[in-house]
Amino acid sequence: GDSVRQPLLADRATEHDAVMAAPTTHRELLAWVEETAALTQPDRVYWVNGSAEENAQLSDELVSAGTFKRLNPKLFPNSFAAFSDPADVARVEEQTFICSQNERDAGFTNNWMDPDKMKEKLRGLFAGSMRGRTMYVIPFVMGHLDAQSPKFGVEITDSAYVVTSMRIMATIGTEVLDRLTELNAEFVPALHSVGAPLEPGQQDVAWPCNEEKWIVHFPEERSIWSFGSGYGGNALLGKKCYALRIASVMARDEGWLAEHMLILKLTSPENKTYYVSAAFPSACGKTNLALLDPTIEGWKVETLGDDITWMRFGKEGELRAVNPEAGLFGVAPGTGWDTNPNAMRAIAKGNSVFTNVALTDDGGVWWEGMTEDVPAHLMDWQGNDWTPSSDNPAAHPNARFCTPIDQIDMLAEEFNDPEGVELSAILFGGRRKTTVPLVTQSRDWTNGIFMGSTLSSETTAAAAGAVGRVRRDPMAMLPFIGYDAGDYLSHWLKVSGQADQARLPKIFLVNWFRRTADGGFAWPGFGDNSRVLKWIIERLEGQADAVETPIGYVPAPDAIDLTGLDLTAADVEQAVRVDADEWAAELEGIEQWYQQFGESLPAELSGELQRLKERFAV
Ligand code: GTP
Ligand code: SPV
Ligand code: MN
């Protein structure tokens, strides 16, 4: 029949069979696979080769299992929709742990448990957790296989949905395994189970998962154990767990940075190119800025990355950036033909997995904001009939599209360069209705790190829990720093010691989400953010005018190009306003935030806060 029987290496695997049939001689890997099969007791062990044929077979199986619905190939070729358990729709920050040897090294922003205790708990949960299922072994690399020191990982999972998604998000399969074997390289073992073993004869459900979820990182051991969830950042372990949490620890030890950032390339009308990275919290506009369609004449944007950026200083003291991912796992709602046509074109090429979107009657997908016309009838993400008069959104607010990055027409060719690109500017941004201006240039590098360290944003549907609550989110990394947050800020200050000071990127704070008195957005956002990028570039070139405020430099009233926009200089003035009352409250918030760091807050940053207060006091 349809099963992946033919390429299976061992049926009802004993650990021994799994190892004998394994396509590698890497001893640590073989030992780990053997040990994991013994613990989790899958029916079979399957080494993922990453081929198109294998992917087609797995997709067919997922369709048979009811996990995938095949979309109309005329609309979305080779694409599938999955619908999760309603209790498994986002990252679970409350259940995410950094289990360092010492509690102090996890810091106050992370959940911590003693690593031995946690291991014991996890071994209990993983014991037999893959019974009745296939255990997939996915060799993967984050970043370039040809990087100086390739960042290998191996995910073991009992979810075929995870395999098909990892194939989009990372470089996986035989090519990776062969290199890993040849180099006898280290790899991050990343163990994942949905935590839903099947008894003999038991009927599976479309989205197996467990009420109990644990997303656990052992930073010294550099390993990941994820139990109970099949969703995105909880289950695609190369992404947040490896490329941010574990990588941030590697970066601390090795003198580089792993960040929650997009990378874009900007070409000016004078044909000069600039590379910019930007850190915004989850569901706060990275994918949209990275794929921006400029609304101003002569400016061109190309994409390098939309979620994760690894940065290191090069030989000449320049800051270089690469995107370690191979796909987009983008927020679907709000992604539309008018707001983000480049994402829509990439999605329309197919080869995508959609999760928790709505289905149209002709076998396509839909979500809020995709088209101006709302379909008269849909099947919503929970499988119910939906019409425009329905009370609930058709797509879950954290519905996602998973699409290969090379389907983006505007992908910059430098994406393929393992050396990455030299950054000219770094943006920090959040979702704030008040207080934070549209754009502010920091006074200098340290002041820019202060801006990043005090970044704040309203919470979104990307994580389970309340939405719209303002919280501090340093460098947009709050849920992703794999160690003590104060040490993380110190690391930012320390690595820049490697820089040629003249080549340090300039740092800016942005806020596309400020509201006017009548409740509307103070700035149109999306493609019009190119106008803010233009001002930023002109600042780098010493051309655009700015007004000094206590928090930094904001655009002079006429300095933002409003050509073709229905906005006036007075509107911009409102959007960049620094309101003394709002900032009095903000300073209190920052003060409280900094107090939580205790001893580990770098003195440079408390000095920055002190000087900011002084500037407001005069
Ligand atoms: P993660 O993938 O969760 O890390 O998120 P992201 O930062 O890539 O967020 P994304 O670009 O997907 O944006 C999330 C939401 O913000 C979408 O609903 C967008 O429509 C909305 N959004 C993005 N950019 C803008 C903007 O400039 N203005 C306004 N008003 N909304 C925006
Ligand atoms: C985020 O939440 O920041 C994401 C989505 O990019 S997830 O992969 O689920 O973490
Ligand atoms: Mn993200």
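The values are calculated or read from the model by the stated rules, or taken from the named source; none is laboratory data. In this text the structure is predicted, and so the values were computed from the model without any measurement. Backbone-built Cβ (ideal geometry, glycine too); neighbour counts: all protein chains shown.
Just need a number here: residues in region 581-618 that are farther than 22 Å from residue 488 by Cβ and polar (S, T, N, Q).
0
Which condition number in (1) in a loop (DSSP other than H, G, I, E, B); (2) away from ligand 2 (no atom under 16 Å from the Cβ); (3) out of contact with any Ser or Thr (no Cβ under 8 Å at 6 or more places or on another chain) is the one that residue 406 fails?
(1)
What is the number of the single condition among (1) at negative phi; (2) surrounded by 24 or more Cβ atoms within 10 Å (Cβ to Cβ); (3) touching a helix residue (DSSP H, G or I) at 6+ places or on another chain (Cβ under 8 Å) that residue 411 does not meet?
Residue 411 satisfies all of (1) at negative phi; (2) surrounded by 24 or more Cβ atoms within 10 Å (Cβ to Cβ); (3) touching a helix residue (DSSP H, G or I) at 6+ places or on another chain (Cβ under 8 Å) except (2).
Among the residues of region 369-382, are any in contact with an Asp or Glu (Cβ under 7 Å, 6 or more places away or on another chain), in a loop (DSSP other than H, G, I, E, B) and under 29 Å from residue 425 (Cα atoms)?
no
Answer with yes or no whether residue 371 is polar (S, T, N, Q) and more than 16 Å from ligand 3 (Cβ to nearest atom).
yes
If we keep just the residues of region 305-321 that are assigned to a strand (DSSP E or B) and crowded, with 24+ Cβ neighbours inside 10 Å, which is nearest to ligand 1 (Cβ to nearest atom)?
Per the criteria, the residue is 305.
Among (1) closer than 21 Å to residue 286 by Cβ; (2) among the hydrophobic types (A, V, I, L, M, F, W, C); (3) not in a loop (DSSP other than H, G, I, E, B), there is one condition residue 512 misses while meeting the rest; what is its number?
Only one criterion is unmet by residue 512, namely (3).
Conditions (1) among the aromatic types (Phe, Trp, Tyr); (2) more than 14 Å from ligand 3 (Cβ to nearest atom); (3) under 21 Å from residue 107 (Cβ atoms), marked per residue:
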position	(1), (2), (3)
233	no, no, yes
270	no, yes, no
280	yes, no, no
290	no, no, no
308	no, no, yes
319	no, yes, no
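Could you please give the count of residues in region 571-616 that are under 24 Å from residue 485 (Cα atoms) and free of Cβ contacts under 8 Å to residues at least 12 places away in the same chain?
Summing the residues that are under 24 Å from residue 485 (Cα atoms) and free of Cβ contacts under 8 Å to residues at least 12 places away in the same chain in region 571-616 gives 7.
Specify the residue that is nearest to residue 368 (Cα to Cα); the eligible residues are those in region 322-353 that are within 14 Å of ligand 2 (Cβ to nearest atom) and part of a strand (DSSP E or B).
Checking each candidate, the answer is 331.
Within region 452-470, count every residue that is in contact with a helix residue (DSSP H, G or I) (Cβ under 9 Å, 6 or more places away or on another chain), more than 13 Å from ligand 2 (Cβ to nearest atom) and either among the acidic types (Asp, Glu) or not in a loop (DSSP other than H, G, I, E, B) (or both).
The total comes to 4.
Could you tell me whether residue 215 is on the phi < 0 side of the Ramachandran plot and touching a Cys at 6+ places or on another chain (Cβ under 8 Å)?
On the way: on the phi < 0 side of the Ramachandran plot: yes; touching a Cys at 6+ places or on another chain (Cβ under 8 Å): yes.
So residue 215 fits the description; yes.
As an exercise: evaluate residue 56 against (1) touching a helix residue (DSSP H, G or I) at 6+ places or on another chain (Cβ under 9 Å); (2) within 17 Å of residue 138 (Cβ to Cβ) and give the number of the one condition it does not meet.
Tallying (1) touching a helix residue (DSSP H, G or I) at 6+ places or on another chain (Cβ under 9 Å); (2) within 17 Å of residue 138 (Cβ to Cβ), residue 56 fails exactly one: (1).
Only one of 568, 563 is touching a residue at least 24 places away in the same chain (Cβ under 8 Å) and over 29 Å from the mean Cα position of the chain (by Cα). Can you tell me which?
Only one candidate passes the filter, namely 563.
Out of the residues in region 334-384 meeting the condition of being more than 16 Å from ligand 1 (Cβ to nearest atom), acidic (Asp, Glu) and under 19 Å from residue 71 (Cα atoms), tell me which one is nearest to the chain's Cα centre (by Cα).
380
Which one of the conditions (1) under 21 Å from the mean Cα position of the chain (by Cα); (2) within 12 Å of ligand 1 (Cβ to nearest atom) does residue 302 fail to meet, given that it meets all the rest?
Only one criterion is unmet by residue 302, namely (2).
Among the residues of region 1-52, write down those that are among the charged types (D, E, K, R) and at pLDDT below 90.
2, 5, 11, 12, 15, 17
Just wondering, is there one or more residues in region 450-462 that are in contact with a Ser or Thr (Cβ under 7 Å, 6 or more places away or on another chain), closer than 26 Å to residue 396 by Cβ and within 16 Å of ligand 1 (Cβ to nearest atom)?
Yes: region 450-462 contains one or more residues that are in contact with a Ser or Thr (Cβ under 7 Å, 6 or more places away or on another chain), closer than 26 Å to residue 396 by Cβ and within 16 Å of ligand 1 (Cβ to nearest atom).
Is it the case that residue 503 is charged (D, E, K, R) and more than 30 Å from residue 97 (Cβ to Cβ)?
So residue 503 fits the description; yes.
Checking the conditions here, which among 326, 358 is touching a residue at least 12 places away in the same chain (Cβ under 8 Å), within 16 Å of ligand 3 (Cβ to nearest atom) and farther than 17 Å from residue 77 by Cβ?
326
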